[in-house]
Amino acid sequence: MRLTQEIIRKLIQKEIEEAKLTKAQIKGRDKDAKTIKQSTIDQYGEKEGTRAAFAIATNIQKAKAKKKKK
């Protein structure tokens, strides 16, 4: 248990930087979100489905950017 508390403390102290999306990535995110929006709305409802679609699309764009860097 002590080890877990130490890990949590370190994670809280560590500053996590979020990658900023470029204009092209934002356009790609919007396109991806539009594509998956209906299925997420069916699954989560109108409000949460829209949020989920944009969250998923953002993660897709970040993964594509990370893959390009390699």
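The values are calculated or read from the model by the stated rules, or taken from the named source; none is laboratory data. Just so you know, these numbers come straight off a predicted model, no measurement behind them. Virtual Cβ from ideal backbone geometry, glycine too; neighbours counted across all protein chains shown. Only protein heavy atoms, including side chains, enter the accessible area calculation; ligands, DNA and RNA are left aside. Shrake-Rupley method; radii C 1.70, N 1.55, O 1.52, S 1.80 Å.
Out of all the residues in region 56-70, which are more than 12 Å from the chain's Cα centre (by Cα) and open to solvent by less than 60 Å² (accessible area, probe 1.4 Å)? If the condition is that a residue be more than 12 Å from the chain's Cα centre (by Cα) and open to solvent by less than 60 Å² (accessible area, probe 1.4 Å), then A65 is the only one that fits. If I ask for residues that are outside any helix (DSSP H, G or I), open to solvent by 100 Å² or more (accessible area, probe 1.4 Å) and either modelled with pLDDT of 95 or more or under 29 Å from K69 (Cα atoms) (or both), which ones from region 1-30 would you list? Hits for region 1-30 are K14, E15, I16, E17, E18, K20. Considering only residues in region 31-55 that are among the charged types (D, E, K, R) and under 13 Å from the mean Cα position of the chain (by Cα), the one that is surrounded by the most Cβ atoms within 10 Å (Cβ to Cβ) turns out to be D32.
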